[in-house]
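Take a look at the structure set out below.
The values are calculated or read from the model by the stated rules, or taken from the named source; none is laboratory data. Just so you know, these numbers come straight off a predicted model, no measurement behind them. No Cβ is skipped: glycine too gets one built from the backbone with ideal geometry, and neighbour counts run over all protein chains shown. Only protein heavy atoms, including side chains, enter the accessible area calculation; ligands, DNA and RNA are left aside. Shrake-Rupley method; radii C 1.70, N 1.55, O 1.52, S 1.80 Å.
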Amino acid sequence: MTSLPAVPTPKKLGLVIDLDVCVGCHACVISCKEWNTGGYGAALSDQDPYGPDVSGTFLNRIHSFEVLPVGAEKIGEAGDARIVHFPKSCLHCEDAPCVTVCPTGASYKRGEDGIVLVDEDMCIGCGLCAWACPYGAREMDLAAGVMKKCTLCVDRIYNETIDEIDRVPSCVRTCPANARHYGDLADPQSDVSKMVAARGGIDLMPEQGTKPVNKYLPPRPRTALADSAVPLAETSAGASGFFAWLDGVLERI
Amino acid sequence: MHPALSIIVFTTLSGMGYGLATLLGLGLFEPAALATKIGYLLALALIAGGLVSSTLHLGNPQRAWRALSQWKTSWLSREGVMAILTFLPLTVCAYASIFHDRHLVLAGVLAAGLSLVTVYCTAMIYGSLRTVQLWSQPLTPVTYLLFSLSSGATVGTLLAVTGASRPWLLAVLAVLSTVAAWMVKRRWRADGKALPPLTTPETATGLGFIGRVRLFERPHINDNYLTREMGFQVARKHADKLFGIAILLGGFVPVVLLVVAALAANAMGPGLTAFLAAFLAVLAHYAGVFVERWLFFAEARHAVMNYYGR
């Protein structure tokens, strides 16, 4: 039901997303849609799929942000601007506001592993949970009239009928750059927990008090462009012999 | 936030109904008068009509009954439960007035109290959302309660000038609650605009340690559910003018008309002048509150828009 688990869940299954590695290829977006349109619950419908106003339900979307260094009014003024590709899906929050606002009990957080799910047979499609989520992780499917969200591929991770290597969320399995990682963030010895500790993984919108399980690894510092680029200004400082004479002659013309 | 017509109609009409039910329950009307009996039917119809309207925006309205189950955590569920509970004493009161010309004190007080609690629950659906900073102000439920009472009292004045009660009593109540409602609303709006944003693109992405964050490319070229539902921007630039129009229509005009109605009823007894003035006051008040409620949604910015550059 819509009360959150009374005690911290023994497992906190979630994703760790490496913003230093993501190249913004959107492969995870497509694989997520492909798996989840045929998996758990109602299909992820598209509206006007071949028309000019195409839109549809996605459980995972990639935004791209430009970050201007502090003190800069325009690009290049105070160091290099950066482009950061930013995958975003449900963060399976410990204090999930989307769960407690649900009037029907369709939204719930699992006590055993912390995954936040929607029981679509109970969902009335009021949309309040999408309003309560600060991350935009929930989208109403306009064809089915029920709320859709990332299930952490609950129908893959415990699925013993598929190869063990495939028992991870579809986005993680697909990512060609290895920017997405899946694991138990309650276990300090798990690979994902070690990664978060080593790289200083961050919470999104900590001020919203949601205590997200998913963590983001911030981009590493980058060599300044000026230190690595070939200088473009013409110079003949290294010329000798014939070329030095020619340089002098041409200079005098 | 997208101002859905069904939600605006629901919150304004049911607010008016609950306001009227509160005054009826408190026994401010003569139970034997025809206008009082019509008032009970009107209150019940407004509340029921609002509830039906609120189910229109659901994806699966046939399962709406399930919304009564999670009152422990959900304000939306609490609202549904309280709305149904309110019907019980209110219907009993209506029965006593319509068929026995009597006012039942206990049932009346219960109906009045439950009406206010229901309006409070409605307001807290919005007031409890941390994601919409404008709404999560403590004054949000106060504005809902005052608009509910003032629109109920305005309708009450219309009933009073047709013989249900003392016109000046209801008119004074309506004028006072209308003035209070708009004063609190103005304060609420000014406070809300002055708040520094709780969430910024920097905290939303965690990239603030590098510098200022700006959306470079959105996930898809076209709008999606999130931008349609929470990225509403149409006519925001006219918000100040609309708010002024709302105060004029829902504040100044009804106050003048209510005074005219009370004076006319005092001087000439129940008559056409008093009725027309009170009737126009109700229309103007509703129009003002409708615009106010539209702005309540249209002006509210949702935290998720930090990811969409809006």
Q. Expressed as a whole percentage, what fraction of the accessible surface of segment B:74-184 belongs to carbon and sulfur atoms when a 1.4 Å probe is rolled over the protein heavy atoms?
A. 78 percent
Q: Just check segment B:1-160 against the gyration tensor rule for me: Cα atoms, a ≥ b ≥ c as the square roots of the eigenvalues, rounded for a/c under 1.5, and otherwise prolate or oblate depending on whether a/b exceeds b/c.
A: prolate
**Q.** Total lysine pairs whose alpha carbons fall under 30 Å of each other in segment B:5-307 (8 or more apart, or interchain)
**A.** 6
Q | Cα extents of segment A:135-180 along the three principal axes, largest first (Å) | A | 34, 27, 16
**Q.** Enclosed volume per residue, in Å³, of the convex hull spanned by Cα atoms of segment A:53-176
**A.** 187 Å³
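With charges only on Cβ, +1 for K and R and -1 for D and E, what is the dipole size of segment A:13-221 about its Cα centre, in debye, rounded to 20? Let's see the in-between values first.
Values: 19 positive and 29 negative charges, 71 e Å.
Value, rounded to 20: 340 debye.
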Q. Of the residues A:Asp53, A:Asp95, A:Asp80, which exhibits the maximal mean-square fluctuation in a Gaussian network model of chain A defined by a 10 Å Cα contact cut-off?
A. A:Asp53
Q. Which lysines have a Cα less than 24 Å from the Cα of A:Lys194, not counting those fewer than 8 places away in the same chain?
A. A:Lys11, A:Lys12, A:Lys88, A:Lys211, A:Lys215
Q. Sorted from largest down, what three extents in whole angstroms do the Cα atoms of chain A have along their principal axes?
A. 87, 49, 42
**Q.** Tail fraction, Cα-Cα pairs, the protein assembly as shown, threshold 45 Å, whole percent
**A.** 30 percent
Q: Have a look at the DSSP beta bridges in the protein assembly as shown and tell me what percent are antiparallel, nearest 5.
A: 90 percent
Q) Under 14 Å from the 7 Å Cα→Cβ point of A:Tyr40, by amide nitrogen: which residues of segment A:140-179? A) A:147-159, A:168-172
Q) With no solvent and one point per C-alpha, what does the Debye sum give as log10 I(q)/I(0) for chain B at q = 0.08, 0.13, 0.16 Å⁻¹? A) -0.40, -0.93, -1.28
Q.
Need one word for segment A:1-98: rounded, prolate or oblate. Basis is the Cα gyration tensor (sqrt eigenvalues a ≥ b ≥ c); a/c below 1.5 gives rounded, then a/b vs b/c decides.
A. oblate
Q.
I want to verify a result. In a Gaussian network model of chain B, Cα cutoff 10 Å, which of these has the top mean-square fluctuation: B:Phe279, B:Phe232, B:Phe209?
A. B:Phe209
Q | Rounded to the nearest 20 debye, dipole of segment B:5-307 from Cβ charges on Lys, Arg, Asp, Glu | A | 540 debye
Q. Looking at A:Cys171, A:Tyr135, A:Val116, which one has the Cα that reaches farthest to the positive end of the dipole of segment A:13-221 (charges on Cβ: Lys, Arg +1; Asp, Glu -1)?
A. A:Tyr135
Q) On a 0 to 90 degree scale, rounded to 10, what angle separates helix B:253-268 from the longest Cα axis of chain B? A) 0 degrees
(Q) If the only charges are +1 at each Lys and Arg Cβ and -1 at each Asp and Glu Cβ, what is the size of the charge dipole of segment A:150-253 around the Cα centre, to the nearest 20 debye? (A) 180 debye
Q. Near A:Lys33, which aspartates and glutamates are there with a Cα under 12 Å away, not counting those fewer than 8 places off in the same chain?
A. A:Asp46
